[in-house]
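Worksheet: the structure to be examined is printed underneath.
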Amino acid sequence: MVIPPARGGQWRIEVDRRVCAGTGLCLGTARGLMRLDTGRGRPVYDVIAPADAVADAAEVCPTQAITVRDAATGEVLAPLSR
Ligand code: SF4
């Protein structure tokens with residue numbers, strides 16, 4: 001399911017491309033929400049409505065390259081282990 005960009009912001013997805021290993025694991029976990037761009041993970045939309053699949057992708061990313069934040073406050077929502 002593709003979630004359209006949220007107006008006013010809800011969750012912000014960030015990928016540290018210096019850390020991403022290009023495994024593509026996030027594409028399978030958050031289908032339609034993550035993509036590969038020149039061999040590195042990138043969100044399809046920077047700001048989305050809350051989606052558990054994106055939080056799951058941040059949790060399973062082997063290099064912890066993905067950070068999900070509350071777009072309004074900047075609070076880190078995932079990964080929880082960080
Ligand atoms: S799962 Fe992590 S390391 Fe793999 S492509 Fe996605 S962001 Fe990069």
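Tabulated data for the structure shown
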{"item": "Count of residues meeting criterion [surrounded by fewer than 16 Cβ atoms within 10 Å (Cβ to Cβ), acidic (Asp, Glu) and under 21 Å from Ser81 (Cβ atoms)] in segment 27-58", "result": "1"}
{"item": "Residue satisfying all of: in segment 1-17; modelled with pLDDT of 95 or more and either farther than 17 Å from Pro79 by Cβ or within 11 Å of the ligand (Cβ to nearest atom) (or both); surrounded by the most Cβ atoms within 10 Å (Cβ to Cβ) among these", "result": "Ile13"}
{"item": "Cβ pairs under 6 Å, 6+ apart, first in segment 28-40 and near the ligand (Cβ under 9 Å from one of its atoms), second assigned to a loop (DSSP other than H, G, I, E, B) and open to solvent by 50 Å² or more (accessible area, probe 1.4 Å)", "result": "Arg40/Arg17"}
{"item": "Thr67 open to solvent by less than 50 Å² (accessible area, probe 1.4 Å), touching a residue at least 12 places away in the same chain (Cβ under 8 Å) and of a type in the set (Ser, Thr, Tyr)", "result": "yes"}
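The values are calculated or read from the model by the stated rules, or taken from the named source; none is laboratory data. Source: prediction; values computed, not measured. Here the Cβ is made from the backbone with ideal geometry for all residues, glycine too, and neighbour counts use every protein chain on show. Areas reflect the complete protein model, heavy atoms only, side chains present, ligands, DNA and RNA absent. Shrake-Rupley method; radii C 1.70, N 1.55, O 1.52, S 1.80 Å.
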